[in-house]
1. Here is a list of conditions, (1) within 24 Å of Val251 (Cα to Cα); (2) out of contact with any Ser or Thr (no Cβ under 6 Å at 6 or more places or on another chain), and Asn341 meets all of them except one; can you say which number that is?
2. Of the residues that sit in region 182-205 and are among the charged types (D, E, K, R) and either open to solvent by less than 50 Å² (accessible area, probe 1.4 Å) or in a loop (DSSP other than H, G, I, E, B) (or both), which one is modelled with the lowest pLDDT?
3. Among the residues that make up region 269-281, is at least one of them within 30 Å of Glu135 (Cβ to Cβ) and not aliphatic (A, V, I, L, M)?
4. In this structure, is Ile234 out of contact with any His (no Cβ under 7 Å at 6 or more places or on another chain), more than 19 Å from Ile346 (Cβ to Cβ) and outside any strand (DSSP E or B)?
5. Of all residues being open to solvent by less than 50 Å² (accessible area, probe 1.4 Å) and closer than 14 Å to Glu166 by Cα in region 120-141, which is modelled with the highest pLDDT? Just the residue, please.
6. Would you call Gln267 within 40 Å of the chain's Cα centre (by Cα) and not hydrophobic (A, V, I, L, M, F, W, C)?
7. When you go through (1) over 16 Å from Val374 (Cβ atoms); (2) of a type in the set (D, E, K, R); (3) not in a loop (DSSP other than H, G, I, E, B) one by one for Lys239, which number turns out not to apply?
8. Residues being assigned to a loop (DSSP other than H, G, I, E, B), at pLDDT 90 or above and open to solvent by less than 50 Å² (accessible area, probe 1.4 Å): count how many of those fall in region 156-177.
Amino acid sequence: SSNGDIATDSSRHKTQQSSRIDSRHRATRTTSAATDADGPSKVAAAAAATAAAAAATLAATPPTKAFMDPLEDSFDFAAAERDFFPKPRTPKKERSRSSPAASPKAQTAVIPLSKFPPPRSSPVRRGKLKALVHEQISILFDDVASPPACRVSGAIFLQSSTHPKEHVYVIIRDPKAHLEQSECFGKAANDVKSKHDKYASEPFTEVVRVRLEHKEHLEGPIFCYRCSPRVRPIPLLLKTKVQHLEGICRVGVRIRANPGNKFALTQIAIIMVVPPDMIGETVSMSKKDGVWDGLKRTISWTLDSLAPSKTVEIRAQFEAAERERLQPSKFPVLIKCNAANIASGIEVSLDSMDQYSARSLDVRETSNVLYRKVD
């Protein structure tokens, strides 16, 4: 139907042009005849007749679709563009080769949304935090103090996989009331218990606000404490026996892990100090992996682990430098080991005070045991 309208408009346009040309020729002939017959007096009348004939021709011709007023609502811009600016048609074969839709190589690759990075404003601070509660247990047995002297001190370390500009609240509870002294430590930690009504009235509880934006501030502890003297953990038992004979000294050491331990003791180092009146170079040992250090005058043994209630015995025999002795010699023994639990019994957790409550805390407990016996 659109092609038929275009043909009809074209024929009408040609008819209008031919009628206009005929009118102009008739008007010219009329003007020439009037000029030759009557002279200049009839030129004005001929011009007026020509104008009247042109006006009558335009009035008799109906307006075409393309020459309608563009300000009217019925004006069709698409039809006018097709009439006056026709687009050349390409052959089917060329269009199939050059068309992007027909060529699979020209198709735009669809990228899944998962490949795009999250927006900068979205919180990506949902990683796991790691907390390490590490304690130092020092136990001393000697012939001066009948009960053992024990001291427990500890520190809490915090580690984050990411370091955005945020802060977390670490809650430290002491349900057994073992802590004697405690304080926040480092530039990244602040005590904010008094600012939160939720914990202000709760006894034996500390609230530490930790900033995570500075990695170097988290290399040290965020919280340090010391337990009261009544906390006396005994992870192992140590007995020594010294026997003097004529020019010979025999020493026996017996180590037993406490049956109440929850985990086995690991990385055990046993160090015996040899007094100067004994010849350490000629020592004979029941446990063959002992190492003599002539500079420090010590003999050391190592054990991988010692399960609860397990026992290990070590015997050594020395030659005395002098056969006649006025008093028996002393062989101090030092034991170093690691344990996978703590003696204070404190509890460490995170509090959901802000938008970062989705973080989880992985708490690990370790302790170093230093056991000394002199008798």
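1. Only one criterion in (1) within 24 Å of Val251 (Cα to Cα); (2) out of contact with any Ser or Thr (no Cβ under 6 Å at 6 or more places or on another chain) is unmet by Asn341, namely (1).
2. Start the filter on region 182-205 by keeping residues that are among the charged types (D, E, K, R), which leaves 183, 187, 191, 193, 195, 197-198, 202.
From the residues that got through so far, the ones that are either open to solvent by less than 50 Å² (accessible area, probe 1.4 Å) or in a loop (DSSP other than H, G, I, E, B) (or both) too are 187, 193, 202.
Values: Lys187: 77, Lys193: 85, Glu202: 84.
The selected residue is Lys187.
3. So the first thing to find is which residues in region 269-281 are within 30 Å of Glu135 (Cβ to Cβ), and the list is 269-273.
Filter once more, so that each one left must be not aliphatic (A, V, I, L, M): none.
Looking for residues that are within 30 Å of Glu135 (Cβ to Cβ) and not aliphatic (A, V, I, L, M), one finds none in region 269-281, hence no.
4. Numbers: out of contact with any His (no Cβ under 7 Å at 6 or more places or on another chain): yes; more than 19 Å from Ile346 (Cβ to Cβ): yes; outside any strand (DSSP E or B): yes.
Criteria met by Ile234.
5. Only one residue tops the list, namely Leu129.
6. On the way: within 40 Å of the chain's Cα centre (by Cα): yes; not hydrophobic (A, V, I, L, M, F, W, C): yes.
For Gln267, the condition - within 40 Å of the chain's Cα centre (by Cα) and not hydrophobic (A, V, I, L, M, F, W, C) - is met.
7. (1)
8. The first filter runs over region 156-177 and keeps only residues assigned to a loop (DSSP other than H, G, I, E, B), leaving 161-166, 174-177.
Remaining after also requiring at pLDDT 90 or above: 174-177.
Still in the list and also open to solvent by less than 50 Å² (accessible area, probe 1.4 Å): 174, 177.
Total satisfying the criteria: 2.
The values are calculated or read from the model by the stated rules, or taken from the named source; none is laboratory data. All figures in this text were calculated on a predicted structure; none of them were measured in a lab. So basically every Cβ, Gly included, is an ideal-geometry build from the backbone, and we count neighbours across all protein chains shown. These area figures cover heavy atoms from the full protein model, side chains too; ligands, DNA and RNA do not enter into them. Shrake-Rupley method; radii C 1.70, N 1.55, O 1.52, S 1.80 Å.
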